[in-house]
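Peer 1: Pasting in a structure now, in structure tokens, and then I'll have a few things to ask.
The values are calculated or read from the model by the stated rules, or taken from the named source; none is laboratory data. Computed from a predicted model, the values in this text were never measured in an experiment. Here the Cβ is made from the backbone with ideal geometry for all residues, glycine too, and neighbour counts use every protein chain on show.
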Amino acid sequence: MTTAIEISGVHKHFGSLHALRGLDLTIEQGEFFALLGPNGAGKSTLISLLAGLLRPDQGYLRVLGHDVVRDYRLARRSLGVVPQEIVYDPFFTVRETLLIQSGYYGLRHNDAWINTLLERLDLSDKADVNMRALSGGMKRRVLVAQALVHRPEVIVLDEPTAGVDVELRQTLWAFIQNLNSQGHTIVLTTHYLEEAQEFCQRIAMLKQGQIVALDTTQNLLASFERRELRLALDSAGLPESLRPLLRRSIGSTHILDLPSLGCLEEILGIIRQSGAQIEDLSLVEPDLEDIFVSIMSEQASV
Amino acid sequence: MIGFSTLFYKELLRFWKVSFQTVLAPVLTTLLYLLIFSYVLSKRIEVYPGVSYTAFLIPGLVMMSMLQNSFANSSSSLIQSKVTGNIVFVLLPPLSAMDFFGAYLAASVVRGFMVGLGVLLVAQIYALTPPVHIFWAIVFGLFGCGILGCLGIIAGVWAEKFDQLAAFQNFIIVPLSFLSGVFYSIHSLPPFWRQMSRFNPFFYMIDGFRYGFFGLSDVAPQQSLLIVAASFLGLSALTIGLIHRGYKLRG
């Protein structure tokens, strides 16, 4: 089976800015993949290169084995991109927009699929409304529909839920998950880390044009041992020797940094010796946000 | 082919949906030129023997409005798409440089001809005699609109802001078209300016177009045709090359 996306040795400069520094990345067909990173990390540049909106200075990118520069016709036919910015053509209605977009991909008589898209994205009653008259969220849905008119194998969403209300977010994710279960490869960038954690099987973290972490979501979470220990103690309070681990206290509840699970026993031992009574205890598992923050700050100090 | 025809159709629809501004308004503007200049000058000048100034003026104004609107169509469509960002809708699909070029060019030519026909129609208040060589008029119309359509694509692709496009239009297109012999025969000019006019490609478009109407022209129509056709082919090659390289479209 050919890989969905193959990126090799890609460099991209904008003047003196080295936006991508020799990026290598392979995404298999059927994956649900997240590209994370702070603003300016190179996520959108990477997507623009894949989509042919930019050209690499060095290296190559392939979509389903088709080089995005040399075999641009086949590459672009296999790829659907939802851009980050809300853009629209104010001259047309929703249906006209989608019919025209189909035509650009060489498709006529695409009405059945367009109707399905309109229905799945809750746009049916807006089909004949001019784009100008739609709310921001509605325009975002049309962008998603536009990216899918040609039923691309690989779907790239650049921050699809930025500034989008809860209802649309749910509609959108249900739809995207459904497409993924039908075998479509999904690549997304997002600022909402919980979305990546919930939906994506694999994650790449980008920083300053380089990949600083690449693994399955599960492994990333497991490799991160730091947990939070919440302890509610009686009036004896927290022993002095545990102070260095203290993050903050809310009344008699103390939130401690737990470097690894192995330390738990030692901590409990210290408390027992101090004579304090534990009234409540809980462990908080790390989430992607902790890992993200940790990886980003680690790299900064190197 | 479907990609090209869809983009062409979209470009037609784009200006047709605002035809008040893109077709009727230029027809009215040109009519005003015609009314004023013919009123002021018709009794004083006879450019060609047996051809009144008003009759002389009409084909020139028709062609000038065709040229200006062809330029306006491709250039304003592209700059609007670039400024609003919806240019991605035509950059993401597998459209070739030829599809892109052909569609914007053809729509420009269509708009040019619609405005030109509109001007001709309202100019019938002056009971114009029908063109002597309609074929020549159409050929020059096609090449002229084609050249300006190309220039419009180049300007639209090059400009990043509306004022850059306005500069291209006001400092290049408008002077070249006003100084091309729309309002006068270059034979009435002092020798220096007569000579200068021969370096203006717009002069050959207007002169050749006018030949189609009267069978009379400042230079031989074959010469004009050669220059106009060569300009069109050269500009087309340049435009296709720019689009193919992704100049200012794909960084």
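Peer 1: Provide a single number: the residues in the range A:65-90 that are free of Cβ contacts under 8 Å to residues at least 24 places away in the same chain and either in a helix (DSSP H, G or I) or out of contact with any strand residue (DSSP E or B) (no Cβ under 8 Å at 6 or more places or on another chain) (or both).
Peer 2: 8
Peer 1: Please verify whether A:LEU17 is within 13 Å of chain B (Cβ to nearest Cβ), modelled with pLDDT of 95 or more and out of contact with any Lys or Arg (no Cβ under 7 Å at 6 or more places or on another chain), treating the condition exactly as stated.
Peer 2: The answer is no for A:LEU17.
Peer 1: Could you list, in sequence order, the residues of the range A:42-55 that are β-branched (Val, Ile, Thr) and facing chain B (nearest Cβ under 10 Å)?
Peer 2: Within the range A:42-55, A:THR45 is the sole residue that qualifies.
Peer 1: A further question on this structure: Which of (1) in the same structural domain as A:THR185 (by TED's automatic domain parsing); (2) out of contact with any Asp or Glu (no Cβ under 6 Å at 6 or more places or on another chain); (3) surrounded by 22 or more Cβ atoms within 10 Å (Cβ to Cβ); (4) not in a loop (DSSP other than H, G, I, E, B) is the odd one out, the single condition A:LEU98 does not satisfy?
Peer 2: Among (1) in the same structural domain as A:THR185 (by TED's automatic domain parsing); (2) out of contact with any Asp or Glu (no Cβ under 6 Å at 6 or more places or on another chain); (3) surrounded by 22 or more Cβ atoms within 10 Å (Cβ to Cβ); (4) not in a loop (DSSP other than H, G, I, E, B), A:LEU98 violates only (1).
Peer 1: In the range B:82-102, what count of residues is obtained for those that are more than 7 Å from chain A (Cβ to nearest Cβ) and out of contact with any Ser or Thr (no Cβ under 8 Å at 6 or more places or on another chain)?
Peer 2: 8
Peer 1: For the range A:56-88, name all the residues that are surrounded by fewer than 21 Cβ atoms within 10 Å (Cβ to Cβ), in contact with a helix residue (DSSP H, G or I) (Cβ under 7 Å, 6 or more places away or on another chain) and facing chain B (nearest Cβ under 8 Å).
Peer 2: The answer is A:VAL87, and nothing else.
Peer 1: For the range A:4-30, give me the residue count where each residue is under 15 Å from A:LEU79 (Cα atoms) and crowded, with 20+ Cβ neighbours inside 10 Å.
Peer 2: Residues in the range A:4-30 being under 15 Å from A:LEU79 (Cα atoms) and crowded, with 20+ Cβ neighbours inside 10 Å: 4 in total.
Peer 1: I'd like to verify a number: residues in the range A:202-222 that are polar (S, T, N, Q) and in contact (Cβ under 8 Å) with a residue 60 or more places away in the chain, how many?
Peer 2: 3
Peer 1: Which is assigned to a helix (DSSP H, G or I), of a type outside the set (S, T, N, Q), within 14 Å of the chain's Cα centre (by Cα) and more than 30 Å from A:ALA51 (Cβ to Cβ), of B:GLY146, B:GLY212, B:GLY152?
Peer 2: B:GLY146
Peer 1: Being of a type in the set (Ser, Thr, Tyr) and over 28 Å from the mean Cα position of the chain (by Cα) narrows it down to one of A:SER241, A:SER297, A:SER260, so name that one.
Peer 2: Answer to the selection: A:SER241.
Peer 1: Out of B:ASN69, B:ASN73, which single residue is more than 11 Å from chain A (Cβ to nearest Cβ) and farther than 27 Å from B:ILE186 by Cβ?
Peer 2: Just a single option satisfies the conditions, and that option is B:ASN73.
Peer 1: Report every pair of residues separated by at least 6 positions or lying on different chains whose Cβ atoms are under 7 Å apart, first residue within the range A:241-266 and under 23 Å from A:SER223 (Cα atoms), second surrounded by fewer than 12 Cβ atoms within 10 Å (Cβ to Cβ).
Peer 2: As it stands, the answer is A:ILE255/A:ARG247; A:ILE255/A:ARG248; A:LEU256/A:ARG247; A:ASP257/A:ARG247, since those pairs meet every condition given.
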